[in-house]
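To keep things clear, I will list the structure first and then write my remarks on it.
The values are calculated or read from the model by the stated rules, or taken from the named source; none is laboratory data. The model shown is predicted, which means the values in this text are computed figures rather than measured ones. Here the Cβ positions follow ideal geometry from the backbone for every residue, glycine too, while neighbour counts run over all protein chains shown. SASA here: full protein model, heavy atoms, side chains in, ligands and nucleic acids out. Shrake-Rupley method; radii C 1.70, N 1.55, O 1.52, S 1.80 Å.
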Amino acid sequence: MNFQQQLQRKIDTRTKPIGSLGVLERLAFKIGSIQKTLTPELKNPAMIVFAADHGIEREGVSPCPREMTWQMVLNFLRGGAGINVFCKQHGFNLTVVDVGVDYDFAEGLNVAREKIARGTENILHAPAMSIETCLKAMEVGAKYVRMEHERGCNVIGFGEMGIANTSPASLLLHHFTGAPLEICVGPGAGLDAKGVEHKLNILKRAYAKHKVTTPLEALATYGGLEIAAIAGAVLEAKRLGMVIIADGFITSSGFLSAFEIDHSIIDNVIFSHASKEQGHQVMLAHMKGEPVLRLDLRLGEGTGAAIAYPIIQSALVFLNNMASFDEAEVYEVERYRETPENLRS
């Protein structure tokens, strides 16, 4: 019996009907497979939120002003945002990284200072980033994953902040999956129908302007500094054998970019939820991801990943602590079905 058969056997022989814990059983199998152990554990969970601005914001594709990016980062640093309260609730170490915010944060603030540029270029007129800039952002992501891994973290999630970043996420989704832009583009932070139509027209023009051939070129051309940082972080977390928790639409565009660079990242990824943003459903289908939760979330920041964490923990609690049929001296249903004479005895 090989390791995966042993792991499945352990899952199946807990005191429950086979498959009765549904998604939890598949999570237990996945995490055990990642860690290559029959007794997997999650240690020192970390959340890294990458923040950056976007040139495409100048085209009115978001109802929110550019200044909200740095204002929300300050809210993160003060502990007042959704990601702060959920990370505190579930014991995540939270790091906020300025990888490209168009603002100078005061000295003494607890922000990781990795500013590569003051936002991306306007995709309507030029590639969002050069290949060199994109690779720098990816390395920032990888760097912070290594830092967490060195402190004993083996499970990590990522979040983002950047006004108008549903636009690059939509373009990446369209490019990598071929889904019509009409499906990829949504209201983002709250556009009305007229606003969504304007956003769609801008993104159609932006996409038509550029020709790319490789996943890295697509990420550089259509993406954002924070999205590139997430892609680099995911690739590094996979290399280090960590459990990686994906969030919603924008964060998942970084996962999608990493997936197109290296399909094997999916072996380590748990999709925390299915976002209310319609394009996220397309991303999940493309990567064959099974969401843990369906709560109509669309906040971003990494909140879905933090909220799903106790459910993910429950998968290991049952695997490691639930009695087996033999230990509990209870008839094992599948074994009984194979030998009904047990009833007569």
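In terms of the Cα gyration tensor, with a ≥ b ≥ c the square roots of its eigenvalues, is segment 156-224 rounded because a/c is under 1.5, prolate because a/b exceeds b/c, or oblate?
Cα axes put segment 156-224 in the oblate bin.
What's the longest piece of the chain with no exposed trypsin sites (Lys or Arg not before Pro), counting a site as exposed if DSSP puts it in a loop and it has at most 16 other beta carbons within 10 Å?
212-287
Would you kindly work out the equivalent ellipsoid of segment 60-131 from its C-alpha gyration tensor and give its semi-axes, the square roots of five times the eigenvalues, largest first in whole Å?
Semi-axis lengths for segment 60-131 are 26, 15, 12 Å.
Quick one, could you list the DSSP H helices from the chain stretching 27 Å or more along their long axis (Cα atoms) with average Kyte-Doolittle hydropathy of -0.5 or above?
The qualifying helices are 131-150, 303-321.
Among Thr213, Thr133, what's the order by accessible area (1.4 angstrom probe), most exposed first?
Greatest to least solvent exposure: Thr213, Thr133.
Using only the heavy atoms of the protein chains and a 1.4 Å probe, how would Glu67, Glu59, Glu150 rank by accessible area, largest first?
Glu150, Glu67, Glu59
From the alpha carbon gyration tensor of segment 186-345, can you work out the equivalent ellipsoid semi-axes (sqrt of 5 times each eigenvalue) and give them in Å, largest to smallest?
Semi-axes from the Cα gyration tensor: 42, 19, 15 Å.
Please compute the per residue accessible area over segment 111-160 with all protein chains in place, 1.4 Å probe, rounded to a whole number of Å².
For segment 111-160, the per-residue accessible area is 42 Å².
If the cut-off is 18 Å between C-alpha atoms, which aspartates and glutamates fall inside it for Lys43, apart from same-chain ones fewer than 8 positions away?
Glu148, Glu150, Glu236
Under a straight-distance cross-link criterion of Cα-Cα below 30 Å, which lysines are reachable from Lys36, leaving out those fewer than 8 residues away in the same chain?
Correct list for Lys36: Lys10, Lys16, Lys88, Lys143, Lys238, Lys288.
If I compute Cα Rg over 2.2 N^0.38 Å from the structure I just sent, which labelled value in (1) 0.96; (2) 1.07; (3) 1.01 lines up?
(2)
Percentage of Cα-Cα pair distances in segment 30-169 greater than 27 Å, rounded to whole percent?
Roughly 27 percent, rounded to a whole number.
Taking a cut-off of 17 Å between Cα atoms, list the lysines near Lys194, but don't count ones fewer than 8 places away on the same chain.
The qualifying lysines are Lys204.
Could you list, bin by bin from short to long, the percent of Cα-Cα pairs of segment 94-248 in 10 Å steps?
11, 37, 35, 15, 2
Relative contact order, percent, of the chain when contacts are C-alpha pairs under 8 Å separated by at least 6 residues?
Across the chain, relative contact order equals 24 percent.
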